[in-house]
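Taking it in order: structure first as C-alpha cells, then the write-up.
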There are 2 protein chains.
Amino acid sequence: MTSYIHCQNCSMATLCLPYQLSPEQTEKLDTIIQRHRPMQKKDVLIHSGEPLKYLYAVRSGSLKSYTIDSQGDEQIIDFHLPGDLIGFDGLIDGEHRSFTQALETTMLCEIPMQSLDTLSAELPGLRKQLLRLMSGELYASKTLLGTLNHHTAQQRLAHFLVTLSSRFQQRGLSNREFRLSMTRADIANYLGLSVETISRILTNLQQEEVIRVTNKLVTIESLEKLRTIAA
Amino acid sequence: MTSYIHCQNCSMATLCLPYQLSPEQTEKLDTIIQRHRPMQKKDVLIHSGEPLKYLYAVRSGSLKSYTIDSQGDEQIIDFHLPGDLIGFDGLIDGEHRSFTQALETTMLCEIPMQSLDTLSAELPGLRKQLLRLMSGELYASKTLLGTLNHHTAQQRLAHFLVTLSSRFQQRGLSNREFRLSMTRADIANYLGLSVETISRILTNLQQEEVIRVTNKLVTIESLEKLRTIAA
DNA sequence: CGTGGTTTTGAAAGTTCTCAAGATTAGTGG
DNA sequence: CCACTAATCTTGAGAACTTTCAAAACCACG
C-alpha cells in the first residue's frame with residue numbers, strides 16, 4: 001500500500017461514486033480513476049466549450065462554476081466542495097457548458113468518462129449512484145431556483161448559509177463554524193444580489209446574534225434562528 | 001399493427017429515450033413502456049413524497065411541476081411539453097420531490113424505473129440518453145438560474161418566450177405562434193415575478209411590436225428583437 | 001510597508017411589488 | 001344558446017426592497 005489516495009481509503013467515498021459499491025467493486029472503480037495535478041487559487045480546471053473527457057471529483061478544497069453572459073459577465077451557478085462531482089452539465093453533447101475555477105488550493109480525482117460508462121454497464125450500483133448524484137444536483141438546482149424566486153435577500157443568504165452548513169456537516173466538518181472560500185462578490189453573484197446587500201445582511205444577522213462573521217470565518221450562533229429566517 | 005402508440009411510431013422519439021437506439025432496441029424499450037390513463041386539466045399526476053416507481057414521458061399536452069413551500073405556496077419549477085421526461089428529481093432517494101399537474105388534456109407514457117434500469121445495463125445508447133436527458137434538464141435549470149439572477153423582469157419574460165419558442169420548434173411546431181397552456185400567474189410564479197408585472201410586460205412587448213398576444217395565443221412578430229431583449 | 005483587491009457603510013434612485021378596482025374570459029347550468 | 005358566476009387578466013398609484021454610486025476602512029500579498 002503506497003501513500004497514494006485510493007477510493008478504498010478516501011473519506012469522501014460515501015458522498016462520491018463508491019457509495020453503494022462493494023470493496024471489490026470500489027477497487028475496480030479505483031483503477032480507472034486518475035489523480036489530477038493540484039490546483040492553486042484562481043487556476044481554471046474547465047473551460048466552457050471544451051470536450052468532456054473526464055468527470056472530476058473534489059478531494060479537498062473548493063471551486064466555483066460559472067458561465068459568461070453576452071456582456072462578458074460571470075454568472076456563478078455552483079460552488080463545489082469535497083465529494084462533489086463536476087461535469088454533469090456537459091453530458092448533453094459531450095462539451096462542458098461552464099467554466100470551473102479553484103477558489104483555493106484544491107485536489108481532484110479525474111474520471112475518464114468512457115471508462116466510467118463501460119464500468120457502469122457492469123455495476124448496477126455505479127449506474128444508480130451516477131443517477132443519484134445527477135438527480136441530487138438537479139434537485140439542489142431547482143430548490144435554489146425556488147428559493148431565489150420567491151424569497152427576500154435576507155432569506156436567500158440565510159438559505160445559502162444553512163445549505164453550506166449542512167454540506168459541511170455531511171463532510172464530517174463543523175456545521176457551526178466554517179470558512180467561506182468564496183468572496184462576498186461570488187456569493188452576491190450566485191444569489192443574484194449586489195455585494196453591498198450581502199455585506200449589509202451579514203451585518204444585520206450579526207446584530208441579531210444569529211451568526212458571527214470575522215472576515216471569511218462564519219460562526220452560526222443559532223442554526224435554529226437561521227433556518228427560521230431561511231424558510 | 002394496432003392503432004396503439006409505440007415508441008417505434010412516436011413522433012417524439014428523437015427527443016425521448018429512443019434517441020440513439022436502433023429499431024430493434026427501440027422495440028425492446030417499447031415492451032417495458034405502458035400507457036397512462038389520459039389526464040384532464042388540473043389532474044395531479046405526481047404527489048411529492050410518493051415513491052418513484054415510474055418515469056413519465058409526455059406524449060401530448062403539458063404539465064407543470066411545483067413544490068409547496070413552508071407557507072403553503074406553490075413554487076413552479078418546470079413546465080413539461082411533449083417529449084419531456086418527468087421524475088428525474090426523485091432518483092436521489094426514490095421519492096418524488098415535487099408535484100406534477102396537467103395544464104390541459106394530456107397523454108403520457110409510463111416507464112417502470114426498475115425495468116428501465118435493467119434494460120439500460122444492456123443498452124449503452126439508453127444509458128447515454130438517460131444521462132443526456134438529465135444533463136439537459138440540469139443545464140436548463142442552471143441557465144434559468146443565471147437568467148433569473150441577473151436579468152430584469154422584461155429580460156426574464158423574453159427569455160421564457162424564446163425558450164418556449166425553440167422548444168416548440170424542436171417538437172415540429174411553429175416557433176412563431178403558440179398557445180400558452182399555463183396562466184399568467186403560473187408564468188409569474190415560475191419567473192419569480194408578480195402577475196401584474198407579467199401582464200404589464202406583455203403589453204409593453206406588444207406596443208413595441210415584438211409580439212402579439214390574444215389571450216393565451218402568442219405570436220412572435222420579431223424573434224430577433226425578442227432574442228435581443230432576452231440576452 | 002505599500003499596493004490592490006475586498007468589504008463595509010451611507011444616501012439617492014429604480015425596479016418591482018402590493019393593494020385596489022375594473023375588464024375580460026372561461027366554465028356551468030338552465 | 002344564453003345568462004350567470006368564478007377565475008383570470010389588465011391597469012393605476014403608492015410602498016417597499018434592492019441597486020447604484022461614492023467613499024472610506026480593512027485585509028492580504030509581495
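Can you confirm whether A:I76 is touching a Lys or Arg at 6+ places or on another chain (Cβ under 9 Å), over 22 Å from A:L173 (Cα atoms), of a type in the set (V, I, T) and modelled with pLDDT of 95 or more?
The answer is yes for A:I76.
Do you know which residues across the stretch A:196-231 are within 8 Å of DNA strand D (Cβ to nearest atom), hydroxyl-bearing (S, T, Y) and more than 14 Å from chain B (Cβ to nearest Cβ)?
If the condition is that a residue be within 8 Å of DNA strand D (Cβ to nearest atom), hydroxyl-bearing (S, T, Y) and more than 14 Å from chain B (Cβ to nearest Cβ), then A:T214 is the only one that fits.
A:P51 is checked against (1) more than 12 Å from the chain's Cα centre (by Cα); (2) without any contact (Cβ under 8 Å) to a residue 24 or more places away in the chain and fails just one. What number does that condition carry?
Only one criterion in (1) more than 12 Å from the chain's Cα centre (by Cα); (2) without any contact (Cβ under 8 Å) to a residue 24 or more places away in the chain is unmet by A:P51, namely (2).
It is to be established whether one or more residues within the stretch A:186-193 are over 30 Å from A:C10 (Cα atoms), within 14 Å of DNA strand C (Cβ to nearest atom) and in contact with a strand residue (DSSP E or B) (Cβ under 7 Å, 6 or more places away or on another chain).
Yes: the stretch A:186-193 contains one or more residues that are over 30 Å from A:C10 (Cα atoms), within 14 Å of DNA strand C (Cβ to nearest atom) and in contact with a strand residue (DSSP E or B) (Cβ under 7 Å, 6 or more places away or on another chain).
If you go through the stretch A:69-84 one residue at a time, do you hit one that is farther than 16 Å from B:L144 by Cα, in contact with a Cys (Cβ under 7 Å, 6 or more places away or on another chain) and not aliphatic (A, V, I, L, M)?
yes
Among the residues of the stretch A:165-179, write down those that are touching a residue at least 12 places away in the same chain (Cβ under 8 Å) and either under 22 Å from A:C16 (Cα atoms) or buried (at least 17 other Cβ atoms within 10 Å of the Cβ) (or both).
Matches in the stretch A:165-179: A:S165, A:R167, A:F168, A:Q170, A:R171, A:G172, A:N175, A:F178.
With the requirement that a residue be hydroxyl-bearing (S, T, Y), under 19 Å from B:Y19 (Cβ atoms) and at the interface with another protein chain (Cβ under 9 Å from one of its Cβ atoms), what does the stretch B:111-155 give you? Don't jump to the end; show me each part of the working.
Step one: filter the stretch B:111-155 for residues hydroxyl-bearing (S, T, Y), giving B:115, B:118, B:120, B:135, B:139, B:141, B:143, B:147, B:152.
Cutting the leftovers down to under 19 Å from B:Y19 (Cβ atoms) gives us B:115, B:120, B:135, B:139.
Of everything in the stretch B:111-155, those that are hydroxyl-bearing (S, T, Y), under 19 Å from B:Y19 (Cβ atoms) and at the interface with another protein chain (Cβ under 9 Å from one of its Cβ atoms) turn out to be B:S120, B:S135, B:Y139.
So B:G172 passes all but one of these: (1) modelled with pLDDT of 95 or more; (2) closer than 28 Å to B:T14 by Cα. Which condition number does it fail?
Just one mismatch for B:G172, condition (1).
Please go through the stretch B:194-231 and give me each residue that is at positive phi and in contact with a Leu (Cβ under 8 Å, 6 or more places away or on another chain), ordered by number. Full working, then the answer.
Initially, the stretch B:194-231 is screened for residues at positive phi, giving B:209, B:215.
Across the stretch B:194-231, there are no qualifying residues.
The conditions are (1) charged (D, E, K, R); (2) surrounded by fewer than 17 Cβ atoms within 10 Å (Cβ to Cβ); (3) not assigned by TED's automatic domain parsing to the domain that holds B:L45, and B:K142 fails exactly one of them. Which is it?
Checking B:K142 against (1) charged (D, E, K, R); (2) surrounded by fewer than 17 Cβ atoms within 10 Å (Cβ to Cβ); (3) not assigned by TED's automatic domain parsing to the domain that holds B:L45, the one that fails is (2).
Among (1) without any contact (Cβ under 8 Å) to a residue 12 or more places away in the chain; (2) more than 16 Å from DNA strand C (Cβ to nearest atom); (3) more than 17 Å from the chain's Cα centre (by Cα), there is one condition B:E196 misses while meeting the rest; what is its number?
(2)
Checking the condition away from DNA strand C (no atom under 12 Å from the Cβ), in contact with a Ser or Thr (Cβ under 9 Å, 6 or more places away or on another chain) and within 14 Å of chain A (Cβ to nearest Cβ), which residue from B:F168, B:F178, B:F160 passes?
Exactly one residue qualifies, and that residue is B:F160.
Of all residues being touching a residue at least 60 places away in the same chain (Cβ under 8 Å) and part of a strand (DSSP E or B) in the stretch A:79-110, which is farthest from the other protein chains (Cβ to nearest Cβ)? Just the residue, please.
The extreme case among them is A:M107.
Taking the stated definitions as given, is A:V218 aliphatic (A, V, I, L, M) and assigned to a strand (DSSP E or B)? Working first, answer last.
Details: aliphatic (A, V, I, L, M): yes; assigned to a strand (DSSP E or B): yes.
Spelling it out, A:V218 is indeed aliphatic (A, V, I, L, M) and assigned to a strand (DSSP E or B).
Condition first: near DNA strand D (Cβ under 9 Å from one of its atoms), outside any loop (DSSP other than H, G, I, E, B) and touching a Lys or Arg at 6+ places or on another chain (Cβ under 9 Å). Now tell me which residues in the stretch B:149-195 satisfy that.
B:D186, B:V195
Can you name the condition, by its number, that B:M182 falls short on among (1) buried (at least 17 other Cβ atoms within 10 Å of the Cβ); (2) more than 22 Å from the chain's Cα centre (by Cα)?
(2) is the only condition that B:M182 fails.
Just to check your reading of the model, which residue among A:K64, A:K42 is part of a strand (DSSP E or B) and more than 10 Å from every other protein chain (Cβ to nearest Cβ)?
From the options A:K64, A:K42, the qualifying one is A:K64.
The values are calculated or read from the model by the stated rules, or taken from the named source; none is laboratory data. This is a predicted model, so every value here is computed, not measured. Heads up, the Cβs are rebuilt from the backbone with ideal geometry, glycines too, and the neighbour counts pull from every protein chain shown.
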